[in-house]
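Read the figures in this text as sums done on the coordinates, not as results from a lab. Everything quoted here is computed from the prediction, not taken from an experiment. Because the Cβ atoms are built from the backbone with ideal geometry, glycine has one as well, and the counts that use them run over all protein chains shown.
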Amino acid sequence: MSRLVYILNGPNLNLLGKRQPEIYGRATLADVEAECRALAGDLGLSLRFHQSNREYELIDWIHEAREDAGGIVINPAAFTHTSVAILDALNAFDGPVIELHISNVHKREPFRHHSFVSARADGVMAGFGTQGYGLALRRVAHLIDARAAHA
Ligand code: DQA
């Protein structure tokens, strides 16, 4: 199984570190990417790290992942709560998928409590701050290894 992992980030996450720091913290998306790249090296993974404010771009990256990736970590941001299209794209991907939220969405407004993506995700992380990215990456590495062991 491929050891390439896609980390996909949805709308407004380009503003990480500046946008509502009391909720999302002070680390920028570039900080998160650097941490993930260092960890990926330790875990023997390669990474594609992307962010987009456009739903279709996230869908296109999920399609691309079908061709060459072993797993996906996705923070769909607000599309979590609205996008059947992202769920459908993830349903067309075979490897492990982890859904990630920096904040604990269940502690927030009721409209954030429902996720379309959770119906596909192998695991869901919420409320671990930006540390969640590293934790999710470790889990994907484990799931890729487990699949390889059973192949
Ligand atoms: C988020 C939570 C979503 O409800 C919100 O729309 C986001 C970020 C998070 O990482 O906590 O943009 O996915």
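Of all residues in segment 6-24, those that are without any contact (Cβ under 8 Å) to a residue 40 or more places away in the chain and of a type outside the set (Ser, Thr, Tyr) have Cβ atoms under 7 Å from Cβ atoms of residues that are surrounded by 11 or more Cβ atoms within 10 Å (Cβ to Cβ) and in a strand (DSSP E or B), 6 or more apart or on another chain, in ASN14/GLN51.
Of the helices (runs of 4 or more DSSP H) lying entirely inside segment 19-90, those carrying at least 1 residues that are in contact with a strand residue (DSSP E or B) (Cβ under 9 Å, 6 or more places away or on another chain) and of a type in the set (Gly, Ala, Ser) are 29-43, 55-68. Of the residues making up segment 86-118, those that are touching a Lys or Arg at 6+ places or on another chain (Cβ under 7 Å) and within 9 Å of the ligand (Cβ to nearest atom) number 1.
Of the numbered criteria (1) within 22 Å of MET1 (Cα to Cα); (2) in contact with a Phe, Trp or Tyr (Cβ under 8 Å, 6 or more places away or on another chain); (3) more than 16 Å from the ligand (Cβ to nearest atom), the one ILE72 fails is (3). I need the full set of residues from segment 44-56 which are of a type outside the set (Phe, Trp, Tyr) and either under 12 Å from LEU4 (Cβ atoms) or exposed (fewer than 14 other Cβ atoms within 10 Å of the Cβ) (or both), in order please. If the condition is that a residue be of a type outside the set (Phe, Trp, Tyr) and either under 12 Å from LEU4 (Cβ atoms) or exposed (fewer than 14 other Cβ atoms within 10 Å of the Cβ) (or both), then GLY44, LEU45, SER46, LEU47, ARG48, ARG54 are the ones that fit. For beta carbons closer than 8 Å, sequence separation of 6+ or different chains, a first residue in segment 99-117 that is at positive phi and a second that is within 9 Å of the ligand (Cβ to nearest atom) and acidic (Asp, Glu), there are no qualifying pairs.
If the condition is being under 15 Å from GLU22 (Cα atoms), out of contact with any Ser or Thr (no Cβ under 8 Å at 6 or more places or on another chain) and part of a helix (DSSP H, G or I), then segment 93-130 contributes only LYS107.
Residues of segment 107-140 that are among the charged types (D, E, K, R) and crowded, with 16+ Cβ neighbours inside 10 Å: ARG112, ARG120, ARG139. Considering GLU57, GLU33, GLU67, GLU22, the condition of being closer than 30 Å to ALA151 by Cα and out of contact with any helix residue (DSSP H, G or I) (no Cβ under 6 Å at 6 or more places or on another chain) is satisfied by GLU67 alone.
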